[in-house]
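**Student:** Structure in structure tokens, see below.
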Amino acid sequence: MLTLLHHCGRNLLTFSTIQAVNKSYYSSQMAKRVAVVLAGCGVYDGTEIHEASAVLVHLSRGGASVNMFAPNIDQMHVVDHLKGSPSEEKRNVLVESARLARGNIQDLSKLSVTEHDAIIFPGGFGAAKNLCTWAVQGKDCSVNAEVQTVMQAFHGAGKPIGLCCISPVLAAKVFPGCEVTVGIEKDDKYPNTTDTAAAINQLGCKHVSKSVSESLVDGKNKLVTTSAFMCEAPIHEIFDGIGAMVKDVLKLA
């Protein structure tokens, strides 16, 4: 009996040690603090809702804590998503982004790099209309000053930046020579990728073709990109590709 108790006690001690190690490991993984930057609400003039939701689900699954931000500026314009055409009304990017964030969102000017381990930019036309002017000026666009400052601060601190869909063009403008993906060139499933990739390359950056289910890691610049809705794919494939991007961001964080 004493021998049995001795062995049981030793096994329990070993099990407890393993539990402690596992708890320590997963706690370190769960401690990642990620900022998510939104650009409005709705694919045609703001953040793509499915992409933002996928980012948040995968961050939650990865054990990260999340704070959401958006610039307190007017949208470039407002698009009637039923008709697909611009309307005459005006909307604010921060106010509209609050819809996606369930009200829990802050002005981008309040984002502290020291309080976060990574940052992610979902896609949608808002990234190309409100966070920069790529939608109307292409490679000659300008990036919103606050957005550029935040991106440079994370980059300078060696903290990873995740981008999906059209938002990798922000990195192409802010970080010369970086590597990003917006999908597969010369493939009918990626109708806008070839022209976007050409513009990225003209900026002195390198576009790398990756499928919708893959992410691209630029280790030198700690950038992680995926094509998302740049590909005409089933939504579960978009979801999985964003998952790959989020997973790689958390690995680098």
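**Student:** On the principal axes of its Cα set, how long, how wide and how thick is the chain? Give whole Å, largest value first.
**Tutor:** 83, 39, 36
**Student:** Right, something else. Within the chain, what's the longest stretch lacking trypsin sites (Lys or Arg not before Pro) that sit in DSSP loops with no more than 13 other Cβ atoms inside 10 Å? Mind showing how you got there, number by number?
**Tutor:** Numbers: sites that count: Lys83, Lys90, Arg102, Lys186, Lys220.
With trypsin sites (Lys or Arg not before Pro) excluded where exposed in loops, the chain gives 103-185 as its longest stretch.
**Student:** Also, I was wondering about something else. Tell me, what % of the accessible area of the chain is carbon and sulfur with a 1.4 angstrom probe? Don't skip to the answer; put the middle values down first.
**Tutor:** On the way: 6570 of 12410 Å².
It is 53 percent, rounded to a whole number.
**Student:** Mind checking the angle between helix 2-30 and the chain's longest principal axis? C-alpha axes, 0 to 90 degrees, to the nearest 10.
**Tutor:** 10
**Student:** Which whole-number percentage describes the relative contact order of segment 68-116, with Cα contacts under 8 Å and a sequence gap of 6 or more? Show your work: numbers first, answer last.
**Tutor:** Working: 61 pairs, mean separation 21.3, N = 49.
Result for segment 68-116 is 44 percent.
**Student:** Let me ask another. To one decimal place, what orientation-averaged projected area in nm² is obtained for the convex hull of the Cα set of segment 106-253? Don't skip to the end; give the middle numbers.
**Tutor:** Details: hull surface 31.5 nm².
Across all orientations, segment 106-253 yields a mean hull projection of 7.9 nm².
**Student:** Separate question: What nm value, rounded to one decimal, do you get for the distance between Ser142 and Arg33 when each label is placed 7 Å out toward the C-beta?
**Tutor:** 3.2
**Student:** If you wrap a convex hull around the C-alpha atoms of segment 51-152 and split its volume per residue, what is the figure in Å³? Each step should come with its number before you reach the end.
**Tutor:** Details: hull volume 12.0 nm³, N = 102.
Roughly 118 Å³ of hull volume per residue.
**Student:** Let me ask another. With every protein chain left in place, what is the accessible area of Asp248 in Å² (1.4 Å probe, nearest 10)?
**Tutor:** It works out to around 30 Å².
**Student:** Given the options His81, His50, His58, state which has the largest fluctuation in a GNM of the chain using a 10 Å cut-off (strictly under) for Cα springs.
**Tutor:** So, out of His81, His50, His58, the one fluctuating most is His81.
The values are calculated or read from the model by the stated rules, or taken from the named source; none is laboratory data. Quick caveat: nothing in here was measured; it's all calculated off a predicted structure. Here the Cβ is made from the backbone with ideal geometry for all residues, glycine too, and neighbour counts use every protein chain on show. Please note that ligands, DNA and RNA were not included when accessible areas were found on the heavy atoms of the full protein model with its side chains. Shrake-Rupley method; radii C 1.70, N 1.55, O 1.52, S 1.80 Å.
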